[in-house]
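The values are calculated or read from the model by the stated rules, or taken from the named source; none is laboratory data. Nothing here was measured: the structure is a model prediction, and the numbers come from that model. Reconstructed Cβ throughout: ideal geometry from the backbone, glycine too, with neighbour counts over all protein chains shown. What goes into the accessible areas is simple: the full protein's heavy atoms, side chains included, and nothing from ligands, DNA or RNA. Shrake-Rupley method; radii C 1.70, N 1.55, O 1.52, S 1.80 Å.
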Amino acid sequence: MAECGRKALSLLEAARSRYESLQISDDVFGESGDDSSDNPFYSTSGDSDSDNYIAEVGEEEHGGAGGGSSGAGPPGSLSRSQAEEEGWTETLQDVTVPTYKETYGPAQKMPATATALDFFQLFVPDNCIQNMITQTNMYAKKFQERFGADEGWRPVTAQEMKAFLGFVTSTSVHRCESVLSIWSSGFFSNRSIALKMSQARFEKILKYFHIVAFRPSQGSNQGLYKIQPFLDSLQQSFGCTFRPSQTQVLHEPLIDEDPVFITTCTERELRKRKKRKFSLWVRQCTSTGFICQISVHLKEGQGTDGLATLKNKPQLHSLVAKQLCQNISGKNTIIFTGPSITSLSLFTEFSKQDIFCCGLLSTRKSDCTGLPQGMLVCGSTPAQRGQSRVMMKGSMSLISWYNKGHFRFLTNAYSPTKQGLIIKRKSGEIPCPLAVEAFAAHLSYICKYDDKYSKYFIFHKPNKTWQQVFWLSISIAINNAYILYKMSDAYTVKRYSRAQFGERLVRELLDLDDCSPTQ
């Protein structure tokens, strides 16, 4: 028994050591337990299942895309003779990624006295808030000229606009579905902040709130014209305040409905809720969780970005990936992608820009054009756990790895000659190519970030799409602000958790005298 305990402990330490060697920061939100390296491949708990993260792809490939090596491959894939003609070979060669050309970390040093509002205003500065004031007052004036005077309205001030942002942001701290609950007598009432503004005044500002009051005659994305200037400003501030690490991921973050609300609301309330009409992709630093860039795509309507006209999902996601990576060419960045983005043509195009890639492949969701059929279908001979096959074309490697199912990866970021390990507490060490280990470690960290992030997005649910995008963007900005706070000297003075940081920000936006978060 003692020997088993020592073996489990040694595996645990080995897993953590390899995890830390990938330069992934630990406990970014300051709230995880003793084992904060909750990685589905580096499984450090007795009841964890290392196959959960990519179970969907594993189940899809387990049955086999065709059932045998002679079966038909996915559309666009190459036969054995075609693959040989195109330069695919089983002869492996070493691949080296050049040194990263950026210094990783915050772009500016914040003082130890910096407040939560100081970090938030790195992304939403006073001039941005002043624009909200101007546009809201302009919209209110035009609205009343057309539909009649509103006797209860008066122009909004800077103090009121900050308080308005604070009230809505408070729904991310207290997790209430309606911001109006603050003034109610129910469970989510909050008299400590309700006295700062009357409910009637808040509803007036909410009625007229705008980022862009009038449609521009030409130029910006038509479907997002009411939010586009704010998104552009936010994108610029993300790039100016933080330099991400070499490893980054392109994905859709977790922005689904609050699971607690879904399980407690009535069927009538569910019918009343409109389906989200947009998709959000991000480029995210895998060392810290900082979101470096966002891309919003409207599922309906017309847009000038070329996305609305694309019906083919791989093409759509490829275009999104290019938009997200347009500012990182020439820096030797390593990008991790999911099945919907991974493709040989995209990775080849990125390699010409000194952007290196590692992506998970799916025979159903990925564009498999130009890839060897023999690597995409399951062979007739059962594979053993940890067994892998690799083919190369130039510096590009196509990997087929077995772990209770076939998993396929396309990469030019990791050498196929180098081996890694998946370490499980129950099963011990499972051999794999280094690319598989790196993919599992970095992507599972992002999963951990998303699990935490989903608890702190703003719960206010407006019906208008541009407002949904706006409050989601504010949520991302607050999370990024907390990451910068944790990496600054201010964190050494007062070590706030993410929840405490959010509550402090609310009180500072409301300009309350006592800005200390409640315990």
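Pick from the range 388-440 the residues that are part of a helix (DSSP H, G or I) and open to solvent by less than 10 Å² (accessible area, probe 1.4 Å): which of them is modelled with the lowest pLDDT?
Within the range 388-440, the subset part of a helix (DSSP H, G or I) is 434-440.
With open to solvent by less than 10 Å² (accessible area, probe 1.4 Å) added as a condition, the list becomes 435-440.
Details: ALA435: 95, VAL436: 94, GLU437: 93, ALA438: 93, PHE439: 93, ALA440: 90.
By that ranking, first place goes to ALA440.
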Filtering the range 330-345 down to residues that are within 14 Å of the chain's Cα centre (by Cα) and open to solvent by 10 Å² or more (accessible area, probe 1.4 Å) yields GLY338
Got at least one residue in the range 132-151 being part of a loop (DSSP other than H, G, I, E, B) and in contact (Cβ under 8 Å) with a residue 24 or more places away in the chain?
yes
Of the residues that sit in the range 321-341 and are of a type in the set (A, V, I, L, M) and in a helix (DSSP H, G or I), which one is nearest to GLN235 (Cα to Cα)?
LEU324
Among the residues of the range 357-379, which ones are among the hydrophobic types (A, V, I, L, M, F, W, C) and over 18 Å from THR286 (Cβ atoms)?
LEU361, CYS368, LEU371, MET375, LEU376, VAL377, CYS378
Does LYS452 satisfy the criteria of being open to solvent by 10 Å² or more (accessible area, probe 1.4 Å), within 20 Å of GLU252 (Cα to Cα), in contact (Cβ under 8 Å) with a residue 24 or more places away in the chain and outside any strand (DSSP E or B)?
yes
Give me the residue from the range 483-510 that is of a type in the set (Lys, Arg) and outside any helix (DSSP H, G or I) and, out of that set, least open to solvent (accessible area, probe 1.4 Å).
LYS494
Contacts under 8 angstrom Cβ, first residue in the range 337-356 being within 18 Å of VAL282 (Cα to Cα), partner assigned to a helix (DSSP H, G or I) and charged (D, E, K, R), 6 or more apart:
SER340/LYS313; LEU346/LYS322
If we scan the range 364-383, do we find a residue that is assigned to a strand (DSSP E or B), within 30 Å of the chain's Cα centre (by Cα) and not aliphatic (A, V, I, L, M)?
yes
Just one of (1) more than 25 Å from LEU231 (Cβ to Cβ); (2) open to solvent by less than 10 Å² (accessible area, probe 1.4 Å); (3) of a type in the set (A, V, I, L, M) trips up LEU443, so point out which.
(2)
Which one is modelled with the lowest pLDDT, of the residues in the range 196-237 that are open to solvent by 50 Å² or more (accessible area, probe 1.4 Å) and part of a loop (DSSP other than H, G, I, E, B)?
GLY219
Sort out which residues of the range 107-124 are open to solvent by less than 40 Å² (accessible area, probe 1.4 Å) and either over 18 Å from ASP489 (Cβ atoms) or not in a loop (DSSP other than H, G, I, E, B) (or both), and write them in order of number.
ALA116, LEU117, PHE119, PHE120, PHE123, VAL124
For PRO462, work out the one condition from (1) in a loop (DSSP other than H, G, I, E, B); (2) open to solvent by 20 Å² or more (accessible area, probe 1.4 Å); (3) not hydrophobic (A, V, I, L, M, F, W, C) it doesn't fulfil.
(2)
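Before we move on, is SER516 open to solvent by less than 40 Å² (accessible area, probe 1.4 Å), at pLDDT below 95 and closer than 22 Å to PHE120 by Cα? Don't jump to the end; show me each part of the working.
Values: open to solvent by less than 40 Å² (accessible area, probe 1.4 Å): no; at pLDDT below 95: yes; closer than 22 Å to PHE120 by Cα: yes.
Here the answer is no, as SER516 does not meet what is asked.
Taking the range 83-106 on its own, how many of its residues are assigned to a loop (DSSP other than H, G, I, E, B) and open to solvent by less than 50 Å² (accessible area, probe 1.4 Å)?
Restricting attention to the range 83-106, the residues satisfying the condition of being assigned to a loop (DSSP other than H, G, I, E, B) are 86-88, 90-104.
Those left that are additionally open to solvent by less than 50 Å² (accessible area, probe 1.4 Å): 87-88, 95, 97, 100.
Final tally of qualifying residues: 5.
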Tell me which of these ALA149 doesn't satisfy, since it passes every other one: (1) exposed (fewer than 13 other Cβ atoms within 10 Å of the Cβ); (2) touching a His at 6+ places or on another chain (Cβ under 9 Å).
(2)
